[in-house]
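Working notes, beginning with the structure itself.
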Amino acid sequence: MKITFYKNLIDDKLEIAPMLLLPFVENAFKHGSQIDGVVKVNIGLKVDENELNFTIENSAIKKEGSKKGIGLENIIKRLKMLYKEDPFLEILQDEKLFKVTLKIPIKNEE
């Protein structure tokens, strides 16, 4: 297993909804596939003044006819409940990679 974690935080005290990112991380490990003998998981977390950007990708072998589980549907519903403005969520899969990109607005309270 090869895990890479990149972070760029302007405020390490920033708080988001509990367990918001965990299902994406769990899915990356649960559904990751060995390619050339290695399961790869790359996680990126970047926060600027207005937005949290989260990306996670894992090696995955695309299976024909596979269905999306209810886990992703539940995450999407939760995001819509938490953030009135729809957050940007993109889920991509190709033959050897599964990637999730999530961008959520940050409220600046001064």
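The values are calculated or read from the model by the stated rules, or taken from the named source; none is laboratory data. Since the model is a prediction, treat every value here as computed from it, not as a measurement. Every residue, glycine as well, gets a Cβ built from its backbone with ideal geometry; the counts of neighbours run over all protein chains shown.
Observations on the model:
- Looking only at the range 1-51, residues that are outside any loop (DSSP other than H, G, I, E, B), among the charged types (D, E, K, R) and farther than 23 Å from Ile104 by Cα come to 3 in all.
- Near pairs, Cβ below 7 angstrom, 6+ apart or cross-chain, from the range 59-87 (surrounded by 13 or more Cβ atoms within 10 Å (Cβ to Cβ)) to any residue that is at pLDDT below 75: Lys80/Asp86
- The residue list Ile43, Ile16 contains one member that is out of contact with any Cys (no Cβ under 6 Å at 6 or more places or on another chain) and modelled with pLDDT of 90 or more, which is Ile43.
- Scanning the range 31-46 for residues that are among the hydrophobic types (A, V, I, L, M, F, W, C) and out of contact with any helix residue (DSSP H, G or I) (no Cβ under 6 Å at 6 or more places or on another chain), we see that the one that is farthest from Asn8 (Cα to Cα) is Ile35.
- Selected residue (criterion: farthest from Ser33 (Cα to Cα)) from residues of the range 57-75 that are at pLDDT 70 or above, under 16 Å from the mean Cα position of the chain (by Cα) and among the charged types (D, E, K, R): Glu73
- Residue check for Asp86: at pLDDT below 90, touching a helix residue (DSSP H, G or I) at 6+ places or on another chain (Cβ under 8 Å) and over 18 Å from Thr4 (Cβ atoms): yes
- Tabulated pairs, the range 1-18, first farther than 18 Å from Leu102 by Cα and of a type outside the set (A, V, I, L, M, F, W, C), second at pLDDT 80 or above and assigned to a strand (DSSP E or B), C-beta under 7 angstrom, 6+ apart or interchain: Lys2/Val38; Lys2/Lys40; Asp11/Val47
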